[in-house]
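Engineer: Would you mind keeping the following structure in view while I ask a few things?
The values are calculated or read from the model by the stated rules, or taken from the named source; none is laboratory data. If you're wondering where the values come from, they're calculated on a predicted model, not measured in any experiment. Here the Cβ positions follow ideal geometry from the backbone for every residue, glycine too, while neighbour counts run over all protein chains shown.
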Amino acid sequence: MMRAGPADDANAARARPKRRRLRRSRGFTLIEVLVALAVVAVALAAGMRALAQTADGATTLKLRTLALWVAQNRLAQAQLQAPWPAAGTTTGSELQARVPLAWRETVSATPNPAFRRIEIVVAQPEQPDYALARLVGYLGNAPH
């Protein structure tokens, strides 16, 4: 039987740590994989929620912009009306960028008889109590 020399002992000592390293670096445990998947799922859910809120915000902003345009158009029409509008409430609907919107104008007297206050509220027809836009203006009666 041959006996190993000092060089063989050194090679064997070098080979043992490599084997240990190989055993330790085989892969992730099931718990580590599950934790990583949970973290990814939470991050993706948060990203999807943020994306949905952004889309909702853009839709609401579009509706509010269209409603404000309707209110501004109604105010301009009231300013151009030959006999100025009588005090009271008027309702109607208008199509702006293919979106149906309902408006309500309330004309009231002011302390100065030469002016009238007009308030225009615009909402969606299916939600008339939720104002998308509210515009208040004053109309002057030009002397004839």
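Engineer: Quick check on L139: is it under 15 Å from L68 (Cβ atoms), assigned to a strand (DSSP E or B) and either of a type in the set (A, V, I, L, M, F, W, C) or in contact with a helix residue (DSSP H, G or I) (Cβ under 6 Å, 6 or more places away or on another chain) (or both)?
Structural biologist: No, not satisfied.
Engineer: I need the full set of residues from the range 64-85 which are over 13 Å from G137 (Cα atoms), modelled with pLDDT of 95 or more and small (G, A, S), in order please.
Structural biologist: Once the filter is applied, which keeps residues that are over 13 Å from G137 (Cα atoms), modelled with pLDDT of 95 or more and small (G, A, S), the range 64-85 yields only A67.
Engineer: Give the residue, chosen from T110, T91, T106, that is among the β-branched types (V, I, T) and at pLDDT below 95.
Structural biologist: Selected residue: T110, the only one of T110, T91, T106 that is among the β-branched types (V, I, T) and at pLDDT below 95.
Engineer: Considering the range 79-91 alone, what residues qualify as being touching a Lys or Arg at 6+ places or on another chain (Cβ under 9 Å) and either under 15 Å from R134 (Cα atoms) or in contact (Cβ under 8 Å) with a residue 60 or more places away in the chain (or both)?
Structural biologist: Answer for the range 79-91, where residues must be touching a Lys or Arg at 6+ places or on another chain (Cβ under 9 Å) and either under 15 Å from R134 (Cα atoms) or in contact (Cβ under 8 Å) with a residue 60 or more places away in the chain (or both): T89, T90, T91.
Engineer: I'd like to verify a number: residues in the range 115-144 that are among the small types (G, A, S) and surrounded by 12 or more Cβ atoms within 10 Å (Cβ to Cβ), how many?
Structural biologist: 4
Engineer: I need a count of the residues in the range 113-126 that are within 15 Å of V70 (Cβ to Cβ) and out of contact with any strand residue (DSSP E or B) (no Cβ under 6 Å at 6 or more places or on another chain). If you could, list the steps in order and put the result at the bottom.
Structural biologist: Taking the range 113-126 as the starting set, the residues that turn out to be within 15 Å of V70 (Cβ to Cβ) are 118-125.
With the extra rule that they be out of contact with any strand residue (DSSP E or B) (no Cβ under 6 Å at 6 or more places or on another chain), the set shrinks to 124.
Matching residues across the range 113-126 total 1.
Engineer: In this structure, does T89 turn out to be in contact with a Ser or Thr (Cβ under 7 Å, 6 or more places away or on another chain), among the β-branched types (V, I, T), under 19 Å from G137 (Cβ atoms) and loosely packed, with under 15 Cβ neighbours inside 10 Å? If you could, list the steps in order and put the result at the bottom.
Structural biologist: Numbers: in contact with a Ser or Thr (Cβ under 7 Å, 6 or more places away or on another chain): yes; among the β-branched types (V, I, T): yes; under 19 Å from G137 (Cβ atoms): yes; loosely packed, with under 15 Cβ neighbours inside 10 Å: yes.
Considered against the rule, which asks whether it is in contact with a Ser or Thr (Cβ under 7 Å, 6 or more places away or on another chain), among the β-branched types (V, I, T), under 19 Å from G137 (Cβ atoms) and loosely packed, with under 15 Cβ neighbours inside 10 Å, T89 comes out as yes.
Engineer: What's the number of the condition E105 fails, among (1) in contact with a Pro (Cβ under 8 Å, 6 or more places away or on another chain); (2) surrounded by fewer than 16 Cβ atoms within 10 Å (Cβ to Cβ)?
Structural biologist: Status for E105: all satisfied but (2).
Engineer: Further, regarding this structure: Restricting the first residue to the range 118-140 and requiring it to be of a type in the set (S, T, Y), which pairs with a second residue that is at pLDDT 95 or above and surrounded by fewer than 16 Cβ atoms within 10 Å (Cβ to Cβ) meet a Cβ separation below 6 Å and a spacing of at least six or different chains?
Structural biologist: Sorted first by the residue in the range 118-140, then by its partner, the pairs are Y138/R117.
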